[in-house]
1. State the Kirkwood hydrodynamic radius of region 20-80 in Å, one decimal place, computed from all pairs of distinct Cα atoms.
2. Kirkwood hydrodynamic radius, computed over distinct alpha-carbon pairs, for region 71-113: how many Å, to one decimal?
3. Could you give the distance between the Cα centres of region 37-59 and region 95-114, to the whole Å?
4. Can you compute the modelled spin-label distance between Lys44 and Ile7, with each label point 7 Å from Cα toward Cβ, in nm?
5. Work out from phi, with θ = phi - 60° and the Karplus expression 6.51 cos²θ - 1.76 cosθ + 1.60, the ³J(HN,Hα) of each residue of region 8-22, listed in order in whole Hz, and give x for Gly and Pro.
6. Per Stokes-Einstein, at 20 °C and 1.002 mPa s, what whole-number D in µm² s⁻¹ belongs to region 13-54, with the Kirkwood radius over Cα pairs as the hydrodynamic radius?
7. Tell me the net charge near His47. Cut-off is 14 Å between Cβ atoms, His47 excluded, with +1 for each Lys or Arg and -1 for each Asp or Glu.
8. Nearest 500 deg cm²/dmol is fine: what mean residue ellipticity at 222 nm does the chain get from its DSSP H runs of n ≥ 4 alone, each adding -39,500 (n - 2.57), divided by its residue count?
Amino acid sequence: MGRRPRIHFPGGVYHIFSRGNDKQDICLDDQDRQEFVSTLAKMKARHPFQLYAFCLMTNHFHLLLRVENCSSSLIMQTILTSYSHYFNRRHDRVGHLFQNRYNAILCRDDTYLLTLIQ
């Protein structure tokens with residue numbers, strides 16, 4: 001049985017996060033971190049969305065964003081695929097970079113939203 005599609009709410013604010021496969025690093029140095037941020041910027045230019053906050057750690061990341069017409073699924077598919085291709089090419093590796101699907105939590109509560117950005 002296939003996965004259920006994610007529900008898209010135009011104007012929805014989402015806490016999105018993902019970690020490296022088997023908890024491995026997704027950024028090894030400043031060049032990798034810069035590429036991840038650059039990939040975010042390119043996607044934002046292509047499919048506008050509001051990026052309120054992000055946290056890029058060594059083995060995972062968190063994004064807080066508001067989507068409009070473009071779904072979080074399309075945004076994340078493009079970001080994760082593009083960055084994974086870059087990372088695998090640069091570090092001469094193959095296979096999955098990220099573990100499972102990314103997680104997306106719809107922020108329905110101001111308390112949760114404030115917790116994320118503190």
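The values are calculated or read from the model by the stated rules, or taken from the named source; none is laboratory data. Fair warning: this is a prediction, and the values are worked out from it, not measured in the lab. Quick reminder, even Gly has a Cβ in these numbers, built from the backbone with ideal geometry, and neighbours come from all protein chains shown. With ligands, DNA and RNA removed, areas are computed over all heavy atoms of the protein, side chains included. Shrake-Rupley method; radii C 1.70, N 1.55, O 1.52, S 1.80 Å.
1. So the Kirkwood estimate lands at 12.2 Å.
2. By the Kirkwood definition, the hydrodynamic radius is 12.3 Å.
3. With region 37-59 and region 95-114 each reduced to a Cα centre, they are spaced 14 Å.
4. Spacing of the two 7 Å Cα→Cβ label points: 2.8 nm.
5. 3J(HN,Hα) across region 8-22, in whole Hz: 9, 10, x, x, x, 9, 10, 9, 10, 8, 7, 10, x, 4, 6.
6. Taking Rh from Cα pairs, D becomes 180 µm²/s.
7. Numbers: positive: Lys42, Lys44, Arg46, Arg66; negative: Glu68.
Result for the neighbourhood of His47: +3.
8. Numbers: 3 runs with 44 residues, N = 118.
The helix-only estimate for the chain comes to -12000 deg cm²/dmol at 222 nm.
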